[in-house]
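Novice: Submitted below is the structure of interest, expressed as structure tokens.
The values are calculated or read from the model by the stated rules, or taken from the named source; none is laboratory data. In this text the structure is predicted, and so the values were computed from the model without any measurement. For neighbour counting, all protein chains shown are included, and Cβ atoms are generated from backbone atoms with ideal geometry for every residue, glycine included.
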Amino acid sequence: MITLKVKILNTIKKYEMILPDEKIVLAVSGGPDSTALLYFMCNVQDELRCSLHIAHLNHNLRGAESDADAEFVKEHARKLNLPISMESINVKDIITSKESLESGARRIRYEFYERVMYEVGAKKVAQGHTADDQAETVIMRFLRGSGTKGLGGIPPIRDGIYIRPLIETTRAEVEEYLQSLNITPRWDSSNLSTEYERNKIRHELIPIIERNYSPNVKRILQQTADILRTEDDVLTELTQKVMDRCVLHQDLQSITISIPELKKNHLALQRRILRLSIEKLLGALNRYDFDHLVALMNLIDNNTTGSIISLPRGIIAEKTYDKIIIGLENSQQIANPFDYVMNVPGETEIRELGLSVKTTLNKSDHLTYSKEKYQKTFDYDKINGDLHLRSRKDGDRFQPFGILGTKKLKDFFIDEKIPRSQRNSIPILTDGNNILWIIGYQIDGRFKITTQTKIQLNVTVSFKQPPKQC
């Protein structure tokens with residue numbers, strides 16, 4: 001039988017959680033799980049060749065109990081001779097009106113962790129989630145109607161930053177480990193209240209299942225989460241590839257999807273593309289469920305041009321011609337003209353537009369054409385002056401690739417059925433006088449690469465996303 005140390009080290013190794021010489025922030029609340037994590041990581045610190053820094057946030061939600069938690073963590077940091085960052089925040093005073101206490105506290109907590117990471121130069125944040133937390137999370141999401149992404153539970157490592165070394169360790173093993181160290185952790189009295197959904201699942205539902213149906217339910221749920229999370233990774237990668245063909249336009253405010261291209265795909269991928277579109281705009285899918293996807297599909301299949309539906313968290317979906325536009329209800333389209341000079345070669349970030357533009361130059365030993373919507377290649381010698389990214393102007397004309405003669409940009413927008421509300425926010429790449437590329441749509445054929453091209457200019461546009469909620 002493997003020891004707990006070997007078990008946790010195997011988890012760290014399997015998911016490549018910690019690399020040599022990394023500094024790790026330990027998120028320590030003072031409860032059993034995070035205290036066990038603290039002592040375990042301190043024990044294997046030399047073996048993992050990492051350095052540690054403790055982070056503790058006092059949410060001020062439980063009065064004297066919260067203060068005692070902070071003192072407990074501070075005392076053990078001193079005992080282990082580890083550096084510590086502590087803050088005290090009145091969470092109730094600063095959460096927004098649209099947030100629940102739980103989600104607001106979570107957001108504030110993660111902002112604190114990221115501040116500490118930046119201040120101490122750390123690479124990762126280690127958290128004390130256990131296999132029991134995983135089982136409870138899977139059940140919670142199942143009861144809410146989650147798909148494979150939600151049923152994948154708590155990822156062992158998220159965004160390359162947040163790691164969960166105890167995710168395959170049970171709560172019973174954590175408590176036994178602390179007993180062996182003769183350590184009594186802090187206990188959050190609110191964890192005993194069945195007022196909260198997770199606590200009801202922990203104290204009522206899981207014990208019933210263990211007694212009457214499956215004594216190994218926690219292990220089974222953990223395995224199920226692992227299977228679904230792995231399969232969801234594959235489906236997410238496939239969805240992104242398919243989505244690149246379906247999306248006609250995107251910015252921080254809206255995403256426009258071609259209905260004919262969308263309908264070429266399996267229903268499962270159609271739903272995933274719609275979910276991913278909303279996630280790109282909001283950063284997370286909180287308050288979204290299957291019924292909202294059904295409403296979107298009904299809008300696409302059964303409604304006429306101009307039909308609009310409202311969705312949670314300020315999302316509006318509109319069907320126009322053969323497109324569906326998913327956007328933020330309170331978004332303000334870019335009204336003022338914009339004009340930015342690009343770094344060539346280099347990267348230019350335009351925060352107002354929510355995008356960055358990367359340019360590279362290379363000799364034309366062989367022609368490299370890109371079929372990607374937001375990546376194109378041009379003949380650099382045909383470009384006169386600085387590269388600019390700007391909004392449309394009256395009188396703009398260009399020569400669409402594959403067509404002789406020029407065309408008014410206004411006529412192009414009309415032919416492409418691009419709504420008036422989006423036209424001012426579509427970025428256009430120019431050399432000051434001539435249009436090279438209507439980003440996401442069409443290049444000017446006069447700047448295409450040929451066998452005579454000596455230097456290729458490669459341009460890649462990427463859109464920034466809102467931060468994900470944890």
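Novice: Within the range 393-405, is even one residue under 20 Å from Leu252 (Cα atoms) and either touching a helix residue (DSSP H, G or I) at 6+ places or on another chain (Cβ under 7 Å) or among the aromatic types (Phe, Trp, Tyr) (or both)? Spell out how you get there, then give the answer.
Specialist: The initial filter retains those residues of the range 393-405 that are under 20 Å from Leu252 (Cα atoms), namely none.
No, that holds for no residue.
Novice: Something else: Which ones in the range 1-42 are among the aliphatic types (A, V, I, L, M), assigned to a helix (DSSP H, G or I) and free of Cβ contacts under 8 Å to residues at least 60 places away in the same chain?
Specialist: Val6, Leu9, Leu38, listed by residue number.
Novice: Sticking with this structure for a sec: Would the range 411-425 turn up any residue that is over 32 Å from the mean Cα position of the chain (by Cα) and at pLDDT 90 or above? Give the steps one after another, and end with the answer.
Specialist: Of all residues in the range 411-425, those over 32 Å from the mean Cα position of the chain (by Cα) come to 411-412, 414-415.
Add one more test, that the residue is at pLDDT 90 or above, and what stays is 411-412.
The answer is yes; a qualifying residue exists.
Novice: Does Leu38 satisfy the condition of being buried (at least 19 other Cβ atoms within 10 Å of the Cβ) and closer than 19 Å to Pro156 by Cβ? Show your work before the answer.
Specialist: Working: buried (at least 19 other Cβ atoms within 10 Å of the Cβ): yes; closer than 19 Å to Pro156 by Cβ: yes.
So Leu38 fits the description; yes.
Novice: A further question follows. Going residue by residue through the range 234-247, is there one that turns out to be assigned to a strand (DSSP E or B) and under 25 Å from Leu353 (Cα atoms)?
Specialist: At the first step, the residues of the range 234-247 found to be assigned to a strand (DSSP E or B) are 247.
In the following step, the residues that additionally are under 25 Å from Leu353 (Cα atoms) were identified as 247.
Yes: one or more hits.
Novice: Tell me which residues, restricted to the range 288-315, are surrounded by 14 or more Cβ atoms within 10 Å (Cβ to Cβ) and modelled with pLDDT under 90.
Specialist: Residues satisfying the conditions are Tyr288, Asp289, Asn303, Ser307, Arg313, Gly314.
Novice: Checking Asn384 against (1) part of a loop (DSSP other than H, G, I, E, B); (2) out of contact with any helix residue (DSSP H, G or I) (no Cβ under 9 Å at 6 or more places or on another chain); (3) closer than 30 Å to Glu279 by Cβ; (4) of a type outside the set (Val, Ile, Thr), only one condition comes out false. Which one?
Specialist: Condition (3) is where Asn384 drops out.
Novice: Please specify each residue of the range 74-110 satisfying the condition of being surrounded by fewer than 14 Cβ atoms within 10 Å (Cβ to Cβ) and not in a loop (DSSP other than H, G, I, E, B). Before the answer, list the steps.
Specialist: Applying the first criterion (surrounded by fewer than 14 Cβ atoms within 10 Å (Cβ to Cβ)) to the range 74-110 yields 75, 78-79, 81, 83, 88, 90, 92-94, 96-98, 100-102.
Once the filter is applied, which keeps residues that are surrounded by fewer than 14 Cβ atoms within 10 Å (Cβ to Cβ) and not in a loop (DSSP other than H, G, I, E, B), the range 74-110 yields Glu75, Arg78, Lys79, Ser88, Lys92, Asp93, Ile94, Leu101, Glu102.
Novice: Count, please, the residues in the range 253-272 that happen to be crowded, with 21+ Cβ neighbours inside 10 Å and either closer than 13 Å to Leu311 by Cα or in contact with a Ser or Thr (Cβ under 8 Å, 6 or more places away or on another chain) (or both).
Specialist: Of the range 253-272, the ones crowded, with 21+ Cβ neighbours inside 10 Å are 254-257, 262, 270, 272.
Filter again for either closer than 13 Å to Leu311 by Cα or in contact with a Ser or Thr (Cβ under 8 Å, 6 or more places away or on another chain) (or both), leaving 254-255, 257, 272.
Going through the range 253-272 one residue at a time, the tally reaches 4.
Novice: Within the group Thr236, Thr230, which residue is out of contact with any helix residue (DSSP H, G or I) (no Cβ under 7 Å at 6 or more places or on another chain), of a type in the set (S, T, N, Q) and within 30 Å of Ile426 (Cβ to Cβ)? I'd like the intermediate steps shown before the answer.
Specialist: On the way: Thr230 fails: within 30 Å of Ile426 (Cβ to Cβ).
The conditions single out Thr236.
Novice: Using the structure shown, decide if Lys408 is touching a residue at least 40 places away in the same chain (Cβ under 8 Å) and out of contact with any Ser or Thr (no Cβ under 9 Å at 6 or more places or on another chain).
Specialist: On the way: touching a residue at least 40 places away in the same chain (Cβ under 8 Å): no; out of contact with any Ser or Thr (no Cβ under 9 Å at 6 or more places or on another chain): yes.
Judged against the criteria, Lys408 is not a match.
Novice: Sticking with this one: May I ask you to say which residue of Tyr177, Tyr213 is of a type in the set (Phe, Trp, Tyr) and in contact (Cβ under 8 Å) with a residue 40 or more places away in the chain?
Specialist: On the way: Tyr213 fails: in contact (Cβ under 8 Å) with a residue 40 or more places away in the chain.
None of the other options fit; the residue is Tyr177.
Novice: Scanning for something surrounded by 14 or more Cβ atoms within 10 Å (Cβ to Cβ) and either touching a Gly at 6+ places or on another chain (Cβ under 7 Å) or not in a helix (DSSP H, G or I) (or both), does the range 199-221 turn up at least one residue?
Specialist: For the range 199-221, residues surrounded by 14 or more Cβ atoms within 10 Å (Cβ to Cβ) and either touching a Gly at 6+ places or on another chain (Cβ under 7 Å) or not in a helix (DSSP H, G or I) (or both): absent.
Novice: If I filter the range 41-55 for residues that are among the charged types (D, E, K, R) and surrounded by 15 or more Cβ atoms within 10 Å (Cβ to Cβ), do I get at least one hit? Step through it out loud before you land on a result.
Specialist: Applying the first criterion (among the charged types (D, E, K, R)) to the range 41-55 yields 46-47, 49.
Subset that is surrounded by 15 or more Cβ atoms within 10 Å (Cβ to Cβ): none.
The answer is no, given that none of the residues of the range 41-55 is among the charged types (D, E, K, R) and surrounded by 15 or more Cβ atoms within 10 Å (Cβ to Cβ).
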